[in-house]
Amino acid sequence: MADRAWEEHERAVDRLASSYAAIPRGEPVRLAKQTTNLFRARTASAAPGLDVSGLTGVIEVDPHPADGPPTADVQGMCTYEDLVDATLPHGLVPHVVPQLRTITLGGAVTGLGIESTSFRNGLPHESVLEMDVFTGAGEVVTTRPGDDLFDAFPNSYGSLGYATRLRIALEPVPAYVALRHLRFDDAGLLTKTIEEITATREHDGQPVHGLDGVAFAPGEYYLTLARWTDGMSLEPSDYAGQQVYYRSIRERDTDLLTMYDYLWRWDTDWFWCSGAFGAQHPLLRRLWPRRLRRSDVYMRLLHLDRRFAIADRLDRRAGRPLRERVVQDIEVPVDRLPEFLDWFDAEVGMRPVWLCPLVAKRSWATYPLEPGTTYVNVGFWGTVHVGPDAVDAPRNRAIEAKVHELGGHKSLYSEAFYDRDTFDDLYNVAHLTEVKRRYDPDDRLTTLYDKAVRSR
Ligand SMILES: Cc1cc2nc3c(=O)[nH]c(=O)nc-3n(C[C@H](O)[C@H](O)[C@H](O)COP(=O)(O)OP(=O)(O)OC[C@H]3O[C@@H](n4cnc5c(N)ncnc54)[C@H](O)[C@@H]3O)c2cc1C
């Protein structure tokens, strides 16, 4: 069975190579992929994409290797939904499972995914043991931690090549997750609690395996502490039904979820963003099929909105000021979190925002996280009515400036507005360019700046 999966994998890589050879020189090299969680709009291209159709699965799960932790060999475009479906029956999950079901392993490794285990497990690329990369030179290179290609890959967004196979470490998990929702009025105390839990991995004598939070309003912050657990006399909650997970954080002190439902707790309502499509209205929710309460469905609706400028037209008709889209994830050192939240409330005013602590295990060439330092990722996804200036993205630009003033950084999956020099400094582009020259000597792949800032 495993042999056949490996053979099929080899054939899929051959097809990828053939599709690459068919792309005329001078045309952009792109993935022909069904799903995306990239937020920035991309310049359209008529050139054929890379055929990744056979690279979407799990090749092999090894629950008991002779040496080291359980592992999985996974194809680069495998979604975390399919990955978890393959590992969870073995009582195993990836060290970090990003919240959105259709994020792929390759996408999360090259684009820095994050989740509630990141305070102890770092980011998804930190549990990759080995990786095959299809480079701009059209070759498959097997690369490991410490190699220049491997170390520059996180935050390269496909500018160095595409991961076709990744061997990742897996973590044993039980069937359930017990949650505690702690409320804080004071951002200073919130910060102190994050620091304590990150250092001790426990709170009030109980272990903490997952940690994230929500800032609902100034002076109303929550941390959700997750504890892996085997048996419980309670019935687990179901937030893929009529109840909405993010609301439960304010309403309950404790909760119980199955491991599966915990991993996807944010996907059903795309955090709280499904509200924009009416999916949280009790009547519409009853009519909205359960299988369609998923982030990729909302993402498709959002693309339609952007394509036909529906919200802009409705705003104009209602006489509302033009909106600026503010969809970003940033992180600041934990001690600067209160300052960022105060500034954000005053200058942007969007809420709720998601909070997720993270600690990088080591340094990585193209994303400047200080190893061992606790950062807090702050995610905000929505629009602000700013008027005619919206086209110049004033809020997004102000966020970029504030984040760097506080010693933080910004993820590059969404829109970015840096000038070239600033960008090159922030993301160590000199090093990235050196590595790219080696693996993509004819510049077939789009550069990181062109992808992230110029939406190429
Ligand atoms: C609204 C929103 C919210 C988000 N929230 C979260 C969150 O809560 N947690 C989280 O972890 N992440 C979040 N993300 C970010 C997400 O993890 C990244 O955008 C990630 O890169 C998406 O992966 P994907 O598989 O969907 O790839 P795509 O969207 O298809 O591609 C993203 C980039 O990765 C490159 N790429 C894709 N596959 C590969 C590969 N195999 N090898 C090399 N490069 C590749 C593509 O070229 C592209 O530049 C969010 C994004 C959005 C838009």
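Go through 240-251, 335-346, 208-219 and give me the packing order, highest mean Cβ count within 10 Å leading. Don't skip to the answer; put the middle values down first.
On the way: 240-251: 15.8, 335-346: 18.1, 208-219: 20.2.
The densest-packed peptide leads the list: 208-219, 335-346, 240-251.
Pulled fully out, how much extra length does the chain show between Thr422 and Thr373, if you take 0.36 nm times their separation in residues and subtract their Cα-Cα distance? Mind dumping the intermediate values first?
Values: separation 49, 0.36 × 49 = 17.64 nm, distance 2.32 nm.
Extra length from Thr422 to Thr373 when fully extended: 15.3 nm.
From Cα pairs below 8 angstrom and at least 6 apart in sequence, can you work out the relative contact order of the range 176-266, rounded to a whole percent? If you can, show how the numbers build up before the last one.
Details: 131 pairs, mean separation 37.3, N = 91.
Across the range 176-266, relative contact order equals 41 percent.
Taking 35 Å as R0, compute the FRET efficiency from the Cβ-Cβ separation of Arg323 and Thr433 and round it to 0.05.
Details: r = 36 Å, r/R0 = 1.03.
So, using R0 = 35 Å, E works out to roughly 0.45.
Show that you can apply the helix-only estimate: for the chain, add -39,500 (n - 2.57) for every DSSP H stretch of four or more residues, divide by all residues, and state [θ] at 222 nm to the nearest 500. Walk me through the numbers on the way to the answer.
Details: 16 runs with 145 residues, N = 456.
Dividing the helical sum by the residues of the chain leaves -9000 deg cm²/dmol.
Using DSSP to call loops (not H, G, I, E or B), can you name the trypsin sites (Lys or Arg not before Pro) in the range 339-431 whose Cβ has at most 12 other Cβ atoms within 10 angstrom? Mind dumping the intermediate values first?
Numbers: sites: Lys361, Arg362, Arg395, Arg397, Lys402, Lys410, Arg420; in loops: Lys361, Arg362.
Listed in order of number, the matching sites are Arg362.
Name the shape class, rounded, prolate or oblate, that the alpha-carbon gyration tensor gives for the chain, where a ≥ b ≥ c are the square roots of its eigenvalues, rounded holds for a/c under 1.5, and otherwise prolate holds if a/b is larger than b/c and oblate otherwise. Mind showing how you got there, number by number?
Values: a/c = 1.40, a/b = 1.13, b/c = 1.23.
The shape class here is rounded.
Given a Förster radius of 41 Å and the C-beta distance between Arg144 and Leu292 as r, what FRET efficiency does 1/(1 + (r/R0)^6) yield to the nearest 0.05?
Working: r = 41 Å, r/R0 = 0.99.
With a Förster radius of 41 Å, E is 0.50.
Measuring from label point to label point, each 7 Å out along Cα→Cβ, what is the Lys192 to Asp3 span in nm?
Placing both labels 7 Å along Cα→Cβ, they lie 6.3 nm apart.
Determine which residues of the range 306-335 fall in the zone a paramagnetic label at Asp392 would reach in this model, i.e. backbone nitrogen under 18 Å from the point 7 Å along Cα→Cβ.
321-326
I need the peptides 434-446, 225-237 ranked by packing, meaning the mean over residues of other C-beta atoms within 10 angstrom, with the highest value on top. Intermediate values should be presented prior to the final figure.
Working: 434-446: 16.8, 225-237: 14.0.
Answer by packing, highest mean first, reads 434-446, 225-237.
Once Lys and Arg get +1 and Asp and Glu get -1 on their Cβ, which of Val332, Leu355, Pro321 lies farthest toward the positive end of the dipole of the range 266-358?
Sorting the options by dipole projection puts first Pro321.
How far is it, in nm, from the label point at Arg456 to the one at Glu202 when both lie 7 Å from their Cα along the line to the Cβ?
Distance between the two pseudo-spin positions: 5.4 nm.
Using a probe radius of 1.4 Å on heavy atoms only, what accessible surface per residue do you get for the range 176-266? Whole Å² is fine. Show your work: numbers first, answer last.
On the way: 4000 Å² over 91 residues.
I get 44 Å² per residue for this part.
Where both residues lie in the chain, what percent of DSSP beta bridges are antiparallel, nearest 5?
Working: 70 of 72 bridges.
Beta bridges within the chain, antiparallel portion: roughly 95 percent.
Count the lysine pairs in the chain whose Cα atoms lie under 18 Å apart, taking only pairs 8 or more positions apart in sequence or on different chains.
On the way: Lys33/Lys451; Lys402/Lys410; Lys410/Lys451; Lys436/Lys451.
Value for the chain: 4.
The values are calculated or read from the model by the stated rules, or taken from the named source; none is laboratory data. In this text the structure is predicted, and so the values were computed from the model without any measurement. Ideal geometry is used to build each Cβ from the backbone, glycine not excepted, and the neighbour counts take in all protein chains shown. For the accessible areas, the whole protein counts, side chains as well, though only heavy atoms, and no ligand, DNA or RNA atoms are used. Shrake-Rupley method; radii C 1.70, N 1.55, O 1.52, S 1.80 Å.
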